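Inspection log for the structure reproduced underneath, given as structure tokens.
The values are calculated or read from the model by the stated rules, or taken from the named source; none is laboratory data. Predicted model only: the values in this text are computed from it and were never measured. Virtual Cβ from ideal backbone geometry, glycine too; neighbours counted across all protein chains shown. Ligands, DNA and RNA are stripped out before the accessible areas are found, and what is left, the full protein with its side chains, is counted by its heavy atoms. Shrake-Rupley method; radii C 1.70, N 1.55, O 1.52, S 1.80 Å.
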Amino acid sequence: MKRSRNKNSNSKNDTLFFNKIRWFWVFFVAAIALWTISLGNVPLRDWDEGSHAIVARELYRTGNWLYLTFFGQPYFMKPPLGYWIVAGSYHLFGGVSELTTRLPVAIISSLGIPLLYLVGREVFPRRLSAILSASVYLTLLPVVRHGRLMMLDGIINTFFILLLLCLLKARKRRSWALGIGLCLACIALTKGILVFALGAIAGLFVLCDRDWSIFKNPYAWLGLLLGITLTFSWYYTQWLEYGDRFIQIHLGSQNFDRLATAVEGNDGPPWYYLIELLKYSFPWLLFWPGGLVLAWFGQIRSNSPSSPSNFANSLFKKRESWANLVLSGTILFLGTISLMGTKLPWYVMPLYPFVSLAVGANLTQLWQSRKSYSRFFVAFFGLLSVVGLGGCIYFIIADPQPVLIVMGLVVAATMGVVAWKMRGNNPQFIPILAIGMYCTLALLMLSTSWNWELNEQFSVVRAGELIRENTPPGVIYISFDYNRPSLDFYSDRIVNPADVPALRQHWEAGGYLLLDAEAMEALQIPENAIVGTTDGWTLVRPL
């Protein structure tokens, strides 16, 4: 009898393990597919992608893995881990291209989805909440799009989610705590002082969750020591090589200065990131406020749920782990970036795991609730269905890419069915919405419009090829308003903007110019100085 009971217990444990692993692999495959589909079908974009790719390419060419350079000059903007990863991709896949530049970053970023599912399994009492949270994170447009670009924010999210998983797993198996310090080191070696904000969130979560065992765990202290050693070693080598100049630029103008001032004019009001959420996080954003309310007033361990009337008392009650995690991350991180002087859209990326957990909790409550769904939600999804049809018509007229036309139809159909299901108080609207959003994003990534900033200015690929094949290494001057790092990347030259008088001086001094029609006319360039023309731009050689 005892043997039979043990056999049943083992069978039950095996079933639970299989279900947990099964969903992990479902999210793993779904994320990898969405993050890598048509990854190299559009050029690298300006600013972060172009600059990061130049640094990684120089590392690949020179083999100097310790001291980063940008066109031969010391590069102090970011720590090296992201560039090491991309340069490793160049070696592994045989060269530099859009695909090999983005692929390793996209794969690491996509791993955040199955890892968030595992975090959800640790903090939520039910697997459904973990599944829904991971589904939301999988289908958030900014998470997918920025995770596919050669930017550092997607991999930062994955390192941070892994840190949280190590912290939670260490409650049951102490050796997991070793990963906490190593994840902190990965964050520090990717985006510098961001480690302080994300580390503070983890610390605040531990305090709110009252889990003091982590402070007695020797693996946690060993991991922290290893992480500090790895991080400090790189920073120390840079200081030995470059002295105070490295400290002033890397830690000063490129890190701490961003907290108080608007570096390079990137400023905005305190509500800047709320606007970013409003622009790009629909339709899941509709369920975010309810998730935050639920975290604050709802699932509380002691006695019955609190209500808004006893707000002060709820401050000191012991919440469930998911609520502590959501509130710690949301309040601390959103508050920090909102008060920073420098505002950039991708700074909000580490907030999205907390948004997803909050939305997942609210969707779980809606799944279980017998109450009628909000009429506002029904009307809003109905409106989104109409917008989807309008988008389909727009794409037929203005941008006739078949995948975008189909995408418009999928949006219209999904939102229409969701509105219909919600009107009938049917919780099946949740998987329908998740699947519809996944298909919508997959179609967008199949198109050439997922990196839409490329359409804001002239194409750099052919202009870069014209410069690269017809000029010696050095500085080229262009009749444009600002520097474009993507043009620097494709031309393999530094292409500096200049006004007409400066362009004349550079040309007379023996410089090559890339000119638009207006500058060509103003400078009266003779025919024998023209090297070639592409997309309205003319390359001019010195006489």
Exercise for the section: Using the structure shown, decide if F71 is open to solvent by 10 Å² or more (accessible area, probe 1.4 Å) and within 17 Å of the chain's Cα centre (by Cα). Expected result: no
Exercise for the section: Filter the range 457-470 down to the residues that are of a type in the set (A, V, I, L, M) and more than 16 Å from L44 (Cα to Cα), then identify the one that is most open to solvent (accessible area, probe 1.4 Å). Expected result: L466
Practice task
Using the structure shown, decide if S129 is in a helix (DSSP H, G or I), over 24 Å from I187 (Cβ atoms) and touching a Gly at 6+ places or on another chain (Cβ under 7 Å).
Solution key: yes
Practice task
Those residues that are buried (at least 18 other Cβ atoms within 10 Å of the Cβ) and either more than 18 Å from the chain's Cα centre (by Cα) or not in a helix (DSSP H, G or I) (or both), I need them from the range 333-349; list them, please.
Solution key: M340, T342, K343, L344
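For every residue, the table says whether it meets (1) within 17 Å of P431 (Cα to Cα); (2) in contact (Cβ under 8 Å) with a residue 60 or more places away in the chain.
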| residue | (1), (2) |
| --- | --- |
| L344 | no, yes |
| M349 | no, yes |
| Y352 | no, yes |
| L357 | yes, yes |
| G416 | yes, no |
Completion exercise
In the range 202-259, anything open to solvent by 90 Å² or more (accessible area, probe 1.4 Å) and touching a Phe, Trp or Tyr at 6+ places or on another chain (Cβ under 7 Å) is listed as W239, E241
Problem - Filter result (small (G, A, S) and either without any contact (Cβ under 8 Å) to a residue 40 or more places away in the chain or in a helix (DSSP H, G or I) (or both)) within the range 457-470 - result: A463, G464
Fill in the blank from the handout: Counting only residues in the range 418-456 that are touching a Lys or Arg at 6+ places or on another chain (Cβ under 7 Å) and part of a loop (DSSP other than H, G, I, E, B), the one farthest from L514 (Cα to Cα) is identified as Q428
Practice task
Would you be able to say whether some residue in the range 419-429 is within 27 Å of R504 (Cα to Cα) and among the basic types (K, R)?
Solution key: no
Fill in the blank from the handout: Only unsatisfied item for R423, checking (1) under 30 Å from M150 (Cβ atoms); (2) open to solvent by 40 Å² or more (accessible area, probe 1.4 Å); (3) basic (K, R), is (1)
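The rows are residues; the columns are (1) among the aromatic types (F, W, Y); (2) modelled with pLDDT under 90.
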{"residue": "L441", "(1), (2)": "no, no"}
{"residue": "L444", "(1), (2)": "no, no"}
{"residue": "S449", "(1), (2)": "no, yes"}
{"residue": "E453", "(1), (2)": "no, yes"}
{"residue": "F458", "(1), (2)": "yes, yes"}
{"residue": "I467", "(1), (2)": "no, no"}
Exercise for the section: Kindly indicate whether any position in the range 111-125 is open to solvent by 10 Å² or more (accessible area, probe 1.4 Å), of a type in the set (K, R) and not in a helix (DSSP H, G or I). Expected result: no
Exercise for the section: Mind counting the residues in the range 396-417 that are modelled with pLDDT under 90, open to solvent by less than 40 Å² (accessible area, probe 1.4 Å) and assigned to a helix (DSSP H, G or I)? Expected result: 0
Problem - Residues within the range 365-382 that are within 15 Å of F287 (Cβ to Cβ) and open to solvent by less than 40 Å² (accessible area, probe 1.4 Å), tallied - result: 5
Fill in the blank from the handout: Among (1) assigned to a helix (DSSP H, G or I); (2) surrounded by fewer than 24 Cβ atoms within 10 Å (Cβ to Cβ), K172 falls short only on (1)
Completion exercise
Considering the range 91-110, residues that are under 20 Å from the mean Cα position of the chain (by Cα) and among the hydrophobic types (A, V, I, L, M, F, W, C), and then whichever is surrounded by the fewest Cβ atoms within 10 Å (Cβ to Cβ), we arrive at L99
Practice task
Taking the options S356, S369, name whichever one is among the hydroxyl-bearing types (S, T, Y) and modelled with pLDDT under 90.
Solution key: S369
Practice task
Check whether at least one residue in the range 441-462 is within 30 Å of S51 (Cα to Cα) and more than 27 Å from the chain's Cα centre (by Cα), and report yes or no.
Solution key: yes
Problem - Sole residue being farther than 30 Å from E456 by Cα, assigned to a loop (DSSP other than H, G, I, E, B) and hydrophobic (A, V, I, L, M, F, W, C), chosen from L44, L66 - result: L66
Practice task
Look through the range 295-314, keep the residues that are open to solvent by less than 20 Å² (accessible area, probe 1.4 Å) and closer than 19 Å to R126 by Cα, and return whichever of them is modelled with the highest pLDDT.
Solution key: A295
